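Heads up: the structure comes next, in structure tokens.
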Amino acid sequence: MTAESLAFFFLAAFAVSTAILMVLQRNPVMSAICMIGTFFSLAGLYLLLHAQLLAVLQVVIYTGAIMVLVLFVIMLLNLGDEARLRERYDLAMGVGTVLAAGFVVELFFILFYSGDPALRASMDPRAAALGTVEGMGGALFGRFVLPFEMTSVLLLVAVVGAVVLAKRKG
Amino acid sequence: MASHMLKDAALFLPEIALTVTILAAIVADLIFRRVRAVVPGIVLAGLIATGFLVLGQQGSSVAIFSSMIAVDAFAVYFKLVILLAAVVVVVFSFGSAELQTGGRKLGEYYALLAAAVLGMMLMAGANNLLMMYLALELSSISSYLLSGYTREAADSSEASLKYVIYGALSSGLMLYGISILYGLTGSLDLATINHIVPVVISAGGPPLYGLLIAGILTLAGFGYKISAVPFHFWAPDVYEGAPITITAFLAVASKAGGFAMLIRFLKVTFFDATGVMAAAGTWEAVRGLRWVDLVAILSVLSMTVGNLTAIWQNNLKRLLAYSSIAHAGYMLMGVAVLNDEGIAAVMLYFVIYLFMNLGAFYAVMLIADKTGSEDIDDYKGLGSRAPFLAVALAIFLISLSGLPPTAGFIGKLYLFAALINKGWIWLAIVGALNSVIALYYYVRVIRNMFLRTDEQQSAPLSLSGMQMTMVLALLVPTLLFGLYFGPLVQLAQASVRIFGAP
Amino acid sequence: MEIPLSYYLLLGAILFAIGVVGTLTRRNAIVIFMCIELMLNSVNLSLIAFSAFLGEITGMVTVFFVMAVAAAEAAVGLAIVIALYRNKPTVNVDEINILKW
């Protein structure tokens with residue numbers, strides 16, 4: 001066991017267990033905190049994959065912005081313990097779980113019983129240069145300049161729209 | 001690099017003009033708080049200017065910004081359909097009583113509408129899966145906000161919440177499909193994927209199933225946008241709960257963007273350039289099942305579920321929602337054909353669908369503004385209270401059902417002709433049976449308007465000159481294209497060229 | 001040993017499946033949003049893994065855009081939840097059913 005594989009299995013186990021806890025927790029605040037755990041372990045996995053910039057963004061955007069917003073709304077609406085919902089476990093849950101499990105099993109077979117060359121055993125040597133700020137910046141302002149600019153419109157629309165909907169009186 | 005980008009930007013002028021319009025609308029809204037007509041005026045002018053810039057792109061067939069966006073006849077056609085629908089909806093909105101309730105400020109409404117149009121125009125041209133995803137999200141996020149805009153009305157914000165949950169779920173599924181496609185082919189560019197897909201297919205084995213999963217998940221994203229069954233669950237609630245102007249906009253423009261994207265995706269990505277499957281046009285997903293067969297299944301489901309559920313509806317807005325799901329099914333028949341004839345038939349149908357569907361929604365909006373009801377039972381005796389409006393609505397509904405001498409008949413005729421020429425006889429029969437079912441619920445509305453009398457003997461409804469003109473502007477093409485359709489057909493047939501497709 | 005690509009993909013698939021199950025079974029609208037974020041995150045993991053093993057940057061760049069879209073979607077979704085809560089103090093999607101079949 002190298003340090004890398006040790007880190008992988010630790011982070012993977014942490015990510016899966018916090019994700020399961022997130023779905024099972026009845027209190028929305030606890031769910032949100034479990035979710036933050038998942039986000040952190042994913043950031044660690046991104047580092048293993050040489051995606052440094054994305055690992056930092058993962059923490060800054062998901063934990064720093066999105067989850068803080070979620071927690072803020074939960075507390076604003078006062079969805080503490082008393083607002084726990086009586087969750088329904090019905091047909092939808094059964095069907096959903098079976099489908100999702102089938103999906104994982106199917107992928108498992110595809111991945112482990114295939115001699116597919118596309119599913120490589122080791123990382124491409126070029127990967128180390130991809131996820132740096134330099135590598136990402138070069139791509140974003142080169143080939144991907146149009147999507148990058150369009151994202152600014154998308155964020156503007158989201159900001160304007162969110163303010164309009166959430167403010168008290170027009 | 002920089003000069004290259006400037007050259008590309010010249011071909012991107014319509015979208016740039018529309019972006020400027022969005023910004024101008026937001027700023028103008030802050031400055032001219034009290035003058036109601038300023039922001040809609042700016043947006044209307046911006047949309048029309050964008051339309052002229054799009055017209056200037058006729059004849060070009062290139063992909064710009066590293067193949068992110070294609071500028072071709074196909075994209076131009078769909079952009080014009082989307083812009084025309086948007087112009088009509090802006091005019092509707094300006095006269096809508098529903099939007100004005102409670103002294104609501106509408107500045108941001110028009111800005112968001114323009115942003116949704118920008119997203120849909122990008123959908124029409126997107127030539128890269130990343131760009132498709134972003135364009136879809138831009139139009140979706142604007143649509144979530146617009147359908148919840150009348151937020152004091154409980155059903156509006158509920159509709160919006162359902163829309164955002166279903167929308168986010170299906171875009172998540174689509175993204176998973178895109179990621180598998182990327183893993184198998186190493187690219188998100190449609191043409192590059194097309195070159196590598198045959199390698200994956202000929203290798204066979206498990207990656208083939210990966211491709212199948214990826215394709216189906218990606219189709220889920222498109223299916224949600226065009227509200228095809230089984231990805232339609234959001235549509236009835238959103239159509240009923242949203243302000244009716246937005247319902248009309250979603251039913252026409254959003255669908256146009258989704259269809260443009262779906263056709264380009266199927267045509268460029270899964271087109272078999274080697275001619276092995278020449279008869280089918282697309283590759284087999286698995287042995288014996290072609291990609292177009294999946295589209296045909298979606299088509300049958302959408303038509304049948306849409307029509308059979310529409311029969312039971314009492315709210316006319318909701319009835320039109322199910323009817324629009326059924327229409328997505330009819331148009332998917334043309335997509336299943338996927339040759340030039342089939343695509344031209346879909347494009348022709350879209351123009352006709354624009355006039356008849358917007359017309360029907362406008363008539364429903366005018367009646368709801370006056371009577372306060374969208375219930376079909378309240379349409380009794382409308383033939384005598386508002387003869388002009390009732391006759392107009394009847395014609396729009398007859399056109400939607402596809403009876404001659406309206407434009408709807410011509411649209412269906414070309415769709416069925418394309419199907420039969422390609423040998424999809426069973427699909428044509430299912431489509432014809434569905435048209436008969438559809439006739440039943442449309443006629444029910446017409447019967448209520450003309451053959452049933454209103455017990456309360458309500459006062460006649462009067463229309464302003466502006467409203468009358470607007471109804472006529474939608475009514476005349478609905479009738480005219482039923483009799484004189486030559487030029488429209490030629491335009492559609494001339495616009496089927498897709499960049500990168502053989 | 002070096003971790004092969006399939007391990008990352010399988011982890012992504014498991015997280016995705018957990019997200020789907022959560023979206024379908026939970027009734028709290030805000031928790032549903034979190035489950036959808038989990039789905040997007042699992043997609044991000046597979047995109048980055050593909051990208052690193054292919055030695056091609058498109059996947060990582062896509063993740064950048066997915067993050068931006070996720071932030072926008074979260075802001076809009078939560079604004080809608082607040083707007084709805086003003087009309088009717090609930091976030092339970094089962095109680096949000098004025099509009100039925």
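Summary table
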{"item": "Elements of type helices (runs of 4 or more DSSP H) contained in chain C, each with 3 or more residues being under 28 Å from B:K317 (Cα atoms)", "result": "C:58-87"}
{"item": "B:T245 modelled with pLDDT of 85 or more and within 30 Å of B:Q100 (Cβ to Cβ)", "result": "yes"}
{"item": "Residue within segment B:81-99 that is assigned to a helix (DSSP H, G or I), within 13 Å of chain A (Cβ to nearest Cβ) and under 17 Å from B:A242 (Cα atoms) present", "result": "yes"}
{"item": "Pair list, Cβ < 9 Å and 6+ apart or interchain, from segment C:74-101 residues that are within 7 Å of chain A (Cβ to nearest Cβ) and surrounded by fewer than 15 Cβ atoms within 10 Å (Cβ to Cβ) to residues that are in a loop (DSSP other than H, G, I, E, B) and modelled with pLDDT of 75 or more", "result": "C:D94/C:R27"}
{"item": "Members of segment B:147-176 found to be among the charged types (D, E, K, R), touching a residue at least 60 places away in the same chain (Cβ under 8 Å) and within 7 Å of chain C (Cβ to nearest Cβ), listed by number", "result": "B:D155, B:E158"}
{"item": "Which numbered condition B:V305 misses (of (1) assigned to a helix (DSSP H, G or I); (2) touching a Leu at 6+ places or on another chain (Cβ under 9 Å); (3) not aromatic (F, W, Y))", "result": "(2)"}
{"item": "Options C:S42, C:S51: the member that is more than 7 Å from every other protein chain (Cβ to nearest Cβ), crowded, with 21+ Cβ neighbours inside 10 Å and touching a helix residue (DSSP H, G or I) at 6+ places or on another chain (Cβ under 8 Å)", "result": "C:S42"}
{"item": "Yes/no for C:G12 being out of contact with any Ser or Thr (no Cβ under 9 Å at 6 or more places or on another chain), at pLDDT 85 or above and of a type outside the set (D, E, K, R)", "result": "no"}
{"item": "Residue in segment B:64-84 that is in contact (Cβ under 8 Å) with a residue 24 or more places away in the chain, surrounded by fewer than 23 Cβ atoms within 10 Å (Cβ to Cβ) and among the basic types (K, R) present", "result": "no"}
{"item": "So B:V252, is it more than 25 Å from B:L348 (Cα to Cα) and within 15 Å of the chain's Cα centre (by Cα)", "result": "no"}
{"item": "Yes/no for B:S202 being surrounded by fewer than 22 Cβ atoms within 10 Å (Cβ to Cβ), outside any helix (DSSP H, G or I) and without any contact (Cβ under 8 Å) to a residue 24 or more places away in the chain", "result": "no"}
{"item": "Condition broken by B:Y239, with the remaining ones in (1) within 30 Å of B:L400 (Cα to Cα); (2) hydroxyl-bearing (S, T, Y); (3) modelled with pLDDT under 85 satisfied", "result": "(3)"}
{"item": "Residues (farther than 18 Å from A:I36 by Cα and modelled with pLDDT under 90) located in segment A:50-79", "result": "A:L76, A:L77, A:N78, A:L79"}
{"item": "Residue selected from segment B:100-135 under the condition more than 10 Å from chain A (Cβ to nearest Cβ) and within 20 Å of B:R34 (Cβ to Cβ), by the criterion surrounded by the fewest Cβ atoms within 10 Å (Cβ to Cβ)", "result": "B:T101"}
{"item": "Subset of segment A:108-133 (residues that are within 7 Å of chain C (Cβ to nearest Cβ), at pLDDT 70 or above and surrounded by 14 or more Cβ atoms within 10 Å (Cβ to Cβ))", "result": "A:M123, A:D124, A:R126, A:A127, A:L130, A:G131"}
{"item": "Flag for B:A17 being more than 23 Å from the chain's Cα centre (by Cα), on the phi < 0 side of the Ramachandran plot, hydrophobic (A, V, I, L, M, F, W, C) and part of a helix (DSSP H, G or I)", "result": "no"}
{"item": "Residue check, B:S142 facing another protein chain (nearest Cβ under 10 Å), closer than 22 Å to B:A256 by Cα and touching a Phe, Trp or Tyr at 6+ places or on another chain (Cβ under 8 Å)", "result": "no"}
{"item": "Looking only at segment B:117-150, and only at residues there that are more than 17 Å from B:I69 (Cα to Cα) and part of a helix (DSSP H, G or I), the one that is farthest from the chain's Cα centre (by Cα)", "result": "B:L145"}
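The values are calculated or read from the model by the stated rules, or taken from the named source; none is laboratory data. Computed from a predicted structure; not experimentally measured. Please note: Cβ atoms are built from the backbone with ideal geometry, for glycine as well, and neighbour counts cover all protein chains shown.
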